[in-house]
Amino acid sequence: MRILIIFLILSSGFYVQAQEPKPYGPLPSKAQLNWQELEMYCLIHFTPTTFQNKEWGFGDAEPDLFNPLHFDAGQIAAAAKSAEFKGLVTVAKHHDGYCLWPTKTTPYNISKSPWKNGKGDLVKEFMLAARKQGLQFGIYVSAWDRNFPGYGTPSYPIAYREQLKEVYSNYGPLFISWHDGANGGDGFYGGAKETRKIDRSTYYGWDSLWQMTRAMQPGAVIFSDIGPDVRWVGNEKGMAGETNWATITPEGQDGLKPAPGLVDSRYLGTGQRDGKYWIPAECDVPLRPGWFYHPDQDDKVKTPDQLFELYLNSVGRGACLNLGLAPDTDGLLNEIDVQTLKAFGDKLRETFVVNLASGAAFDPSNVRMNDLRNFGVNKLTDADRYSYWATDDDVHQADLVIELKTAMRFNLIRLRENIKLGQRLDSVLVEVDDQGSWKPLAKATSIGANRLIRLPAFIETKKLRLRLYAPVSITLSDVGLYAEAKSDFKVSVATNRKAISRSVWPSGIDGSTLWMDAVKSVTIQAFSYRPSKAAIQHQTLATHYVLESSEDDKNWQQVAAGEFSNIVANPIEQYIPLAKPVTARYIRFTVKSTANSKGEASIVGREFSLY
Ligand code: FUL
């Protein structure tokens, strides 16, 4: 009996497999499928270059310049998580050559920093923080190194290989090994301060580095301009082409073999319908104008609505979104970045929480072998990217009528193919029922892993029809209808910054008052104020203050009042002990005047501490 059951299970398994359509064209690897499912991850730029207020370090910064006194990888990873990012990539070494882990390959590394007395490992801190938030982890080690004395000679590629080996060995499984195309040029190079040219196709020995990557990190995709696993989209605006195929035939510039920094960029944004390889696009774009933190860009942080637009133009076109985050010299994300990320996450969650098509009646023109159990339309709303409705092998065009339970209002349509069987669909036409006849509503090409069609305006309807076109049988995995949530997020940097004072102090600023709720009664004995760089620059730092406490948020007592002596000439942290300890749940810190005497202070919670 047992043997009979095992036989039946096995044979039914074979039976189902035998009915699957044959894959079409190049297929994604396991690592590429994992990457695709992440959809969004962050790229953290934080090196001595941050402290130099530059975008590219020359490689000449003193190694002890890097000293982030309040660095908290947890704050950065939590902010990424709040925006629904699923991975975190850290720049372990940028073009300036400074290694943020204690490498053996160059003395120019974190062990020369006063931070944690030279015992710190920033890559490890990011790795631990990412894992704690359930984010996958990745690394970017720049191939161009403007500090290394031997850059341009055979000694450097050996060191670079070792650097990759170190980061592949010590930080657990990575989902991506990120490589940029900028390499060769002027730099410090151990004091030589000259321009060094390299042969981009041969100097690094990419083929052998890729082999090592695959052997040491089999779950990681390799990103560079032209793959081999994920390609650059060709711009840093966060936008893929409206048509964006996951396949491409890589070509080098001037007929040379393609290599990072040596690529024919014509098809990066669109891919090629009949490309020989599965190399989908990544859209990288910073949250601020620059990849590194610059205080004068505090008011240029992209808004949640702009981020949503980028999401539609990247993830919604089958690419992944790689958003740059830039901690400041304290080692923290500015509060405005944190609030923006959270609001973007809220918008995504609200928009995609309900699929208005679930529960609808789907009427397909064909079901593969009439096998409703394996290829029926119930697979379209089951939230599994790989289960699918399929047509017979000879049915390459099919219609799917969707009848909703009642008329629904929406402006986003999501379609997905089961990409384990390749990118099959050429295009789709969406039509809407107009008093008994079909009226065209939208059309799209390159469906693939994920396609979001945003309608020019919201529509309210009960009946839709999809007309699907492919060169082979159709394997559609998902149909979703969504109503884009409105985001009413507004922050003006100077006057209305939300504040969170170190970890336990959720707080808000109202005009120039910092309000803090400790959730339960606490005893405080002192406070300190440290003006931010931005406040110093704009002369909005506090010169006079009042500190109050309250048990009920209604009746307030003054605890302290006074001046921050000489703070304009010497804007360092000031520690103010209280006359006697105070026990209270709520604390209010009001700025009475500022350096520019306009009375409008820009203060965020972490400039303020209670003891
Ligand atoms: C580029 C680099 O040159 C930029 O500085 C930045 O790191 C960006 C993400 O990649 O190639």
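Accessible surface computed residue by residue for the chain, with neighbouring protein chains in place and a 1.4 Å probe, gives 42 Å² per residue. With the Kirkwood sum run over all distinct C-alpha pairs, region 361-482 has a hydrodynamic radius of 14.3 Å. In region 158-312, the ratio of gyration radius to Kirkwood radius, Rg to Rh, stands at 0.99 when only Cα atoms are counted. Over the Cα atoms of region 143-229, the radius of gyration divided by the Kirkwood radius equals 0.99; this is the Rg/Rh ratio. A Förster radius of 45 Å, combined with the Cβ-Cβ distance separating LYS554 from VAL353, puts the computed FRET efficiency at roughly 0.80. Using C-alpha pairs under 8 Å with a sequence gap of at least 6, the mean separation divided by the residue count of region 361-482 gives a relative contact order of 37 percent. Surface listing: ASP434, ASP328, ASP64 arranged by accessible area from highest to lowest gives ASP64, ASP434, ASP328, probe 1.4 Å. Once you reduce region 197-228 and region 436-481 to the center of their Cα atoms, the two points are 38 Å from each other. On region 253-408, 49 percent of the accessible area sits on carbon and sulfur atoms, based on a 1.4 Å probe.
Overall, region 60-206 carries a charge dipole of about 380 debye about its Cα centre when +1 sits on the Cβ of Lys and Arg and -1 on the Cβ of Asp and Glu, all other atoms neutral.
Under 16 Å from the Cα of LYS379, which lysines turn up, not counting those fewer than eight places away in the same chain? In chain and number order, the partners are LYS420. For region 291-358, the convex hull spanned by the alpha carbon atoms encloses 98 Å³ per residue.
Computed over the Cα atoms of region 30-352, pair by distinct pair, the Kirkwood hydrodynamic radius stands at 19.7 angstrom.
Projecting the Cα positions of TYR203, VAL522, ASN53 onto the charge dipole of the chain (unit charges on Cβ atoms of Lys, Arg, Asp and Glu, taken about the Cα centre) puts VAL522 furthest along the positive direction. Along its three principal directions, the equivalent ellipsoid of the chain from the Cα gyration tensor extends over semi-axes of 48, 34, 21 Å, largest first. Between SER609, GLY185, ALA542, the Cα set farthest toward the positive side of the dipole of the chain (charges on each charged residue's Cβ, about the Cα centre) is that of SER609.
Between PRO471, SER365, TYR386, whose Cα lies farthest towards the positive end of the dipole of region 361-482 when Lys and Arg beta carbons carry +1 and Asp and Glu beta carbons carry -1, centred on the Cα centre? Final value for the positive-end residue is TYR386. About its Cα centre, the chain has a charge dipole of approximately 820 debye under the convention of +1 per Lys or Arg Cβ and -1 per Asp or Glu Cβ, with nothing else charged. Computed over the chain, the per-residue total of -39500 (n - 2.57) for DSSP H runs of n ≥ 4 gives a 222 nm mean residue ellipticity of -5500 deg cm²/dmol, rounded to 500. My understanding is that a pair violates if its Cα-Cα distance is over 30 Å; which of LYS54/LYS257; LYS30/LYS93; LYS54/LYS124; LYS119/LYS347; LYS342/LYS443 do that in this structure? Long pairs (Cα-Cα over 30 Å): LYS54/LYS257; LYS119/LYS347; LYS342/LYS443.
Once both labels are positioned 7 Å from their Cα atoms along Cα-to-Cβ, the gap between LYS22 and LYS443 label points is 2.9 nm.
The values are calculated or read from the model by the stated rules, or taken from the named source; none is laboratory data. Please read these numbers as outputs of a predicted model, since none were measured by experiment. Virtual Cβ from ideal backbone geometry, glycine too; neighbours counted across all protein chains shown. For the accessible areas, the whole protein counts, side chains as well, though only heavy atoms, and no ligand, DNA or RNA atoms are used. Shrake-Rupley method; radii C 1.70, N 1.55, O 1.52, S 1.80 Å.
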